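Visitor: Dropping the structure in here first, questions after.
The values are calculated or read from the model by the stated rules, or taken from the named source; none is laboratory data. Keep in mind that this is a model prediction, so the values were computed, not measured. Every residue, glycine among them, receives a Cβ derived from its backbone with ideal geometry; neighbour counts consider all protein chains shown.
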Amino acid sequence: MPPRVSIVTRTLGRPCLADAAASVAAQTLRPLEWVVVDAAGGGLDAPSAGPVPVRVVSTGMPLRRSLAANAGLDAVEGTHALILDDDDLLHATAVERLAGALDRQPAFGLAYGNVDVVDEAGQRIGVYEFEYSELLITRRNLFPPNAALFDVALAREAGARFDPTLDWFEDWDFWLALSRRTAFLHVREAVAGYRLHLSQSGVWSADAPGADPRILAARDAVIARGAERRAALESRHDALKRDATAHAAAGRLPQAAAAWAAAHQNFHYDVEPILRYAELATRAGDARAARAIVESGLALLPAEPALHRLRAAILARTGDPTGAAEALERARLLEARGPHSPV
């Protein structure tokens, strides 16, 4: 049996709550319930969610974002929960895909999918589609709340909670707490929509001139909390790369290739393991393996010129001069724009 899913929505009673209700009602795998947290505290008539039972949770007092999330998690009756804020949406297959993934791989306590960032016209203007690594999540938030389905026991018995001192980046802080308790499973398909034009948190403008200093302080607090853990994970990643380099220097090419592959799996967004593995595959005469890892790397790092240059070299060796020229030109354009990293 797949997980019994409770969907939790924090709301101040905005009109967009009706859209969230419709996306709950449309799920191809019916949730156990929709728990609506009255964050305004003044009473709330929640809209219908079709065949999904609706419960309103209210303390009769206003609740800030973290307290509202904790109130919802305390109230759910399902084994697993998904947090859908009132300004966001779920795709119709979201619960089915995420619950099915956890059902098939019970070693994971959280599954997350990709999330489309959409504008007022419903056009996609961005996407959250990060591959998971423990190191990466200590560096940046990987997905918004409506991307993830997680085991409620991690919040109740294992003690992962939303920090009531945080009004921004509280979801990232919560994912960090969960990541100490369970592995995360990435479901590589879109499961939800993030409606940027309705967002009122302000986190998207954190790096803009004149950003709210409270938002910056909250982000700095989350980053600081993970500093020791992040340093340890970075040291581990560097050790994997040193091992790979030592194997290559000693002529142990199969071991070097395995070590570079392990480093890549440990942190997908470091370009060096991709380049070094591809170089070893090329030396071994396996152009197919070299091209495969370069193409995989470009799917994650499309703005990395070194990968386009290596792709050009591989294409030239395999008899595709036109493709090689295009890849080389792409590398030159990216180099002219300057460095860019998704992390």
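Visitor: Name the residue that is surrounded by the most Cβ atoms within 10 Å (Cβ to Cβ), counting only residues in the range 22-33 that are more than 23 Å from the chain's Cα centre (by Cα) and not in a loop (DSSP other than H, G, I, E, B).
Guide: Filtering the range 22-33 for residues that are more than 23 Å from the chain's Cα centre (by Cα) and not in a loop (DSSP other than H, G, I, E, B), the one surrounded by the most Cβ atoms within 10 Å (Cβ to Cβ) comes out as GLU33.
Visitor: Output the number of residues of the range 246-272 satisfying the condition of being assigned to a helix (DSSP H, G or I) and touching an Asp or Glu at 6+ places or on another chain (Cβ under 8 Å).
Guide: Total satisfying the criteria: 4.
Visitor: Moving to a separate point now. (1) surrounded by 15 or more Cβ atoms within 10 Å (Cβ to Cβ); (2) under 17 Å from LEU136 (Cβ atoms): which one isn't true of HIS247, the others all being true?
Guide: (2)
Visitor: Out of everything in the range 281-321 that is of a type in the set (S, T, N, Q) and closer than 18 Å to ALA258 by Cβ, what residue ends up being nearest to the chain's Cα centre (by Cα)?
Guide: SER296
Visitor: Given the structure, is ALA249 among the aliphatic types (A, V, I, L, M), closer than 29 Å to GLY113 by Cβ, in the same structural domain as GLU304 (by TED's automatic domain parsing) and out of contact with any strand residue (DSSP E or B) (no Cβ under 7 Å at 6 or more places or on another chain)?
Guide: Considered against the rule, which asks whether it is among the aliphatic types (A, V, I, L, M), closer than 29 Å to GLY113 by Cβ, in the same structural domain as GLU304 (by TED's automatic domain parsing) and out of contact with any strand residue (DSSP E or B) (no Cβ under 7 Å at 6 or more places or on another chain), ALA249 comes out as no.
Visitor: Now, a different point. Hey, does the range 40-54 have a residue that's assigned by TED's automatic domain parsing to the domain that holds ARG180, modelled with pLDDT of 95 or more, touching a Lys or Arg at 6+ places or on another chain (Cβ under 9 Å) and part of a strand (DSSP E or B)?
Guide: Scanning the range 40-54 turns up at least one residue that is assigned by TED's automatic domain parsing to the domain that holds ARG180, modelled with pLDDT of 95 or more, touching a Lys or Arg at 6+ places or on another chain (Cβ under 9 Å) and part of a strand (DSSP E or B).
Visitor: Take the range 34-89 and flag every residue that is among the hydroxyl-bearing types (Ser, Thr, Tyr) and either more than 17 Å from ASP163 (Cα to Cα) or surrounded by fewer than 20 Cβ atoms within 10 Å (Cβ to Cβ) (or both).
Guide: Correct list: SER48, SER58, THR59, THR79.
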